[in-house]
Amino acid sequence: DFGHSSELAFVVEPSDDIAVQEQPLILYCQVEGIQPITITWRKNGVMILDSENAFMLANGSLYVSRFQRVRGDGSSDEGEYDCMAQNHYGLVVSRKAKIQAATMSDFHIHPQNAVVEEGGVARFQCQIHGLPEPVILWHKNSMPVNTDNERYTLLPKGVLQITGLRAEDSGIFHCVATNIANVKFSREARLTVSGSHSTVYKDPMILVGPENLTLTVHQTAVLECIATGNPRPIVSWSRLDGRPIGVEGIQVLGTGNLMISDLTVQHSGIYVCAANKPGTRVRRTAQGSLVVQAPAEFVQHPQSISRPVGTTAIFTCVAQGEPPPQITWLRNGQILETSDHIKLKNNNSTLSIYGINQADEAIYQCLAENSAGSTQASARLTVLWADGLPSPPQGVRAETVSATTIQVSWEKPLQNTKEIIGYVLHIRKAADPIEMEYQEAVSKSTFQQLVTDLEPSTSYSFYIKAYTSRGASKASEVTVVSTLGEVPAMPSLFIKVINSTTVQATWEPSIKLGQHKGFKLYYRKVHLSQYTGPVLLASNVTAYNITHLDASVVYEVKLLAYNQHGDGNSTVRFVSLRETVERTVLNPPCDCVKDEQNNKTSTTGIIIGIHIGVTCIIFCILFLMFGYRGRLLMCKNVQEQLSTPQIPRSQRSTTGLVLNGATRRDRDDRDLNGKQLDMNELERLFPASPSQEQQEKGIMSAHSPSAPHDETQISTLPLDEFSIIEEQPDPLPKNPRGSSPATPAPNHGPANEG
C-alpha cells in the first residue's frame, strides 16, 4: 500500500441531490494524488463540455448556473453525474450522483366530509407526491390545527386523527403541502359531531391498518392503526415472526400508531396491530410489512499491490447492503472485460489477473451498487520490471512419449543469460481456464523436462519463463500437444458352472477401464493351441454363456477390453466341468413324489427320536440321583448272608484303611488336622477278616514282608444307618504289641462312598 500521497483517490465525491427549477446547482468533487491531475465530468456516461450553462470550478466541482428540468431542445439537466480524475498512474471514477428536479404533483387524495357521533374517532387524509417529500400541515377553520391537543394526531403521510370526539371538534378542515418546489392546498372537508356519547356495546374494529412501507436506513417509519369500539379498545403491536419490537427509537403516536425512528435493516418485518376489548380475549388484527433498505457499503476494500511480471495479482472487494449490492470492476475508468488471464470469482468480489505484464498496470475500481445507493473503492496495480532481465526462452517443443507423458524441451534465451537461476515450466490443459495452470521448476542447466501423470487423449499447453534474482523473463511462445490414447485396463472375470456343458463368464464394468468400445471373449481346451473367438461384446454387456462344452476336459477362458487405441491386457480363467458330471452321477435326478413321501416319513421319525431322547435323559438323571442308594440297599442284603469274623486291632495293617483308592497314610499326610472318623465306629462298620480275597480289595499290610497278611472283610450298611461324627482327634492308644500306632483315617468325602 503506497498511501494516499502517491495514489489517486477521491476526498469528496458528488452526492444525490434535488435541484430547484431555474436555480443554480453545485456538484462537489475533490481528489488527491500526485500531480498533475486532470478532472472531468460525465452525465449519463457522456462527457460534459464547459458551456455557459455548466462548467467546472477551479476546485474540480461542477457548477450548473440555471437548472432546467426540460430545456427547449428537449434535453434535461436531470441524470446521473460522475467525476473522473486522472494522473500518470491511471484514472478513477467517482460514485454516480443522482440529480432530480424538485416537483410537486396535484393532490390525488383529498379529505372527505364526515359525520361521527360524540366520543367516536374521526380520520382525514390527503395525499400528494413530490420531490422532496412534501410536508403536510392541517388547518381547521383556516387556522393551523393545535398539535398540543392530545386528541389530535398528525401523521407524516398526511393523516389527521381525532379521538374522543366532542362538539367543539366540528368544523372545516383542509391540508397544506409544502416543499422547495411549491405550496398547494387541498379541498375542504366538514366534520360534524352528532348526538351524545353512546353506551351501546360495539365489538372492536380496526378502521385503518398499517400500510406496506419501503424505506431506507436512518429514516422514520410510521405504522398507522386506528380502532373503534365500545368500550374503547386497547391497541397493541407485535411482530409476526415473534421477535420483540424493542424500545429504542420506538414511540406510540396518538392512541395506537407505531413510530420507529432511525431505521435499521433489523427493523424489517411484518408488524401486526391488534385491537383488544378490555378484560377479554376478543380482538381484531391487521398487519403490514416494513422493508428497510441499506445502501451499498464496503466490508473489505481492495488494496494496492506491486507484483513482478508474470506473476498473479488478486484484488478483493467485499460489499454489503440491502438488497445485496452488485459489484462491477473498472480499469482506468472503463468497464473491465474478462479474458483468459483476467477472471472474476465469488460474485465478482475477487479479481484475479494471471501472468501480469506491463500492460496490466492500472488503477482498478470496485463499484458496489443497489437500489438504495452506490459506492466505489480503488486500488493500483504496479508491475515490477527490471532492466537486463533475460529474453524469453527459445525453441519450445513438446513431444508425446506415452498416454500419460510428454517431454518438453527448449533453448536458452538470446539475451541476458548470465544471471539465470532456473526455469519454470507452465502446464495447463488446453481446455482449462488459466487459473488451473500449474508449474514445475527446472534447474538452469536443464533444457528439457519430462511431464508425467497426464491424462490420455488430452491436449496440454506449455510455455517457459527464465528466472533471475531480480525477476522473470517474458513468457516464451506457447506450444500445444496431445497425449496418446490409452488402451483399457484388465477387466475382472468370474466363471460359474451352469451344468455339464455350459459355463457363464461374468465381469464387472469399472471406471478403471476408461473409454472402451467393448469386450473380446476367447475360450479353448487347454491341450489345444487354437482359441474359439473372439466373441465381440458391447461395452454394456457384463455376462456371456459358453455352451456345448466337453465335460471331460479343462477349458481356458480369456476376456479383454478394447477401444480405438487397441486391445487391453486380458484376464484368464480355467474351468473344469468334471466335478459337475460326477455329482450328477452320484446324485441322480429326484423322484419328487417319492421324495415327498420320504420327507413325511422322515419327519415322523424325527419326532419319535426326539421323544426317545428326552425319555433317556430323564432316566439318566433319575439313575444318577438314586444309584448310590440302591447300591447300599443291595449291599445290606449281602451282609446278612456273609459272616464277618473280627480280628484284633493289633493285627490290622499300620498302613491304614484304603478309601476310594487312597491309603490312610497318604490321606493322613494331607489332612492330619482335619475331620476324623471315630475309630470305634470304623471298627464296628469294617471288621477285620483273614480272607485273602478281601485283603486284595480293601486292606494293605504294613508289617515286615515275612509277617502274615491281615485281611479285613468290608461290610456295607444302608445309608440311613451310616453316620459321621465330627470331633477333635484324641491321643492315639499305644499298640499292645509295641508296634507303631495305627494312623486314624481322615474324613475325606461322603460316607456312602465306603
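The values are calculated or read from the model by the stated rules, or taken from the named source; none is laboratory data. Here the structure is a predicted model, which is why all the values come from computation and not from measurement. Positions of Cβ are backbone-derived with ideal geometry, glycine not excepted, and every protein chain shown enters the neighbour counts. Accessible surface is based on the protein model in full, side chains and every heavy atom, while ligands, DNA and RNA are left aside. Shrake-Rupley method; radii C 1.70, N 1.55, O 1.52, S 1.80 Å.
Tabulated values for the structure
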{"read-out": "Ranked by how many other beta carbons lie within 10 Å on average, peptides 20-26, 557-563 from highest", "value": "557-563, 20-26"}
{"read-out": "Check: segment 283-341 dipole with +1 on Lys, Arg Cβ and -1 on Asp, Glu Cβ, in debye", "value": "340 debye"}
{"read-out": "Positive-end extreme of charge dipole, segment 104-286 - chosen from ALA122, ILE206, VAL183 (charges on Cβ)", "value": "ILE206"}
{"read-out": "Residue-by-residue Karplus 3J(HN,Hα) for segment 220-232, coefficients 6.51, -1.76, 1.60, Hz, glycine and proline x", "value": "10, 10, 10, 9, 7, 7, 10, 10, 10, x, 9, x, 4"}
{"read-out": "Separation of the GLN439 and ILE606 label points, Cα + 7 Å toward Cβ, nm", "value": "7.9 nm"}
{"read-out": "Filtered trypsin sites (Lys or Arg not before Pro), segment 239-297: DSSP coil and at most 12 other beta carbons within 10 Å", "value": "ARG281"}
{"read-out": "Rg/Rg_ref, segment 104-286, where Rg_ref = 2.2 N^0.38 Å and atoms are Cα", "value": "1.08"}
{"read-out": "Volume in Å³ per residue [convex hull over Cα atoms, computed for segment 318-391]", "value": "95 Å³"}
{"read-out": "Contact order normalised by residue count of segment 494-576, Cα under 8 Å, 6+ apart, percent", "value": "33 percent"}
{"read-out": "Per-pair calculated FRET efficiency, R0 = 45 Å: ILE34 and ASP453 via Cβ, rounded to 0.05", "value": "0.35"}
{"read-out": "Long pairs among LYS343/LYS429; LYS429/LYS474; LYS343/LYS474; LYS43/LYS157; LYS444/LYS465, criterion Cα-Cα beyond 23 Å", "value": "LYS43/LYS157"}
{"read-out": "Per-peptide average of other Cβ atoms within 10 Å, ordering 294-304, 338-348 highest first", "value": "294-304, 338-348"}
{"read-out": "Gained length - LEU137 relative to PHE185, 0.36 nm times residue gap less alpha-carbon distance", "value": "16.3 nm"}
{"read-out": "Segment 1-149: C-alpha pair distances exceeding 17 Å, %", "value": "71 percent"}
{"read-out": "Accessible-area value, CYS620, 1.4 Å probe, nucleic acids and ligands omitted, Å²", "value": "80 Å²"}
{"read-out": "Highest average packing first - 492-500, 128-136, Cβ atoms within 10 Å", "value": "128-136, 492-500"}
{"read-out": "With DNA, RNA and ligands ignored, accessible area of TYR460 (1.4 Å probe; Å², nearest 10)", "value": "10 Å²"}
{"read-out": "Percent of Cα-Cα distances greater than 23 Å, calculated over segment 326-472", "value": "51 percent"}
{"read-out": "Approximate spin-label separation HIS108-ILE498, in nm, with each point projected 7 Å along Cα-to-Cβ", "value": "8.3 nm"}
{"read-out": "Computed accessible area, ASP16, all protein chains, 1.4 angstrom probe, square angstrom", "value": "80 Å²"}
{"read-out": "THR216-VAL115 pseudo-label distance in nm [points 7 Å out on the Cα-to-Cβ vector]", "value": "4.7 nm"}
{"read-out": "Stretch gain in nm, segment ARG243-THR147, where the contour uses 0.36 nm per residue and the Cα spacing is subtracted", "value": "31.2 nm"}
{"read-out": "Potential lengthening between THR382 and ILE305 on full extension [0.36 nm per residue; Cα-Cα distance subtracted]", "value": "27.1 nm"}
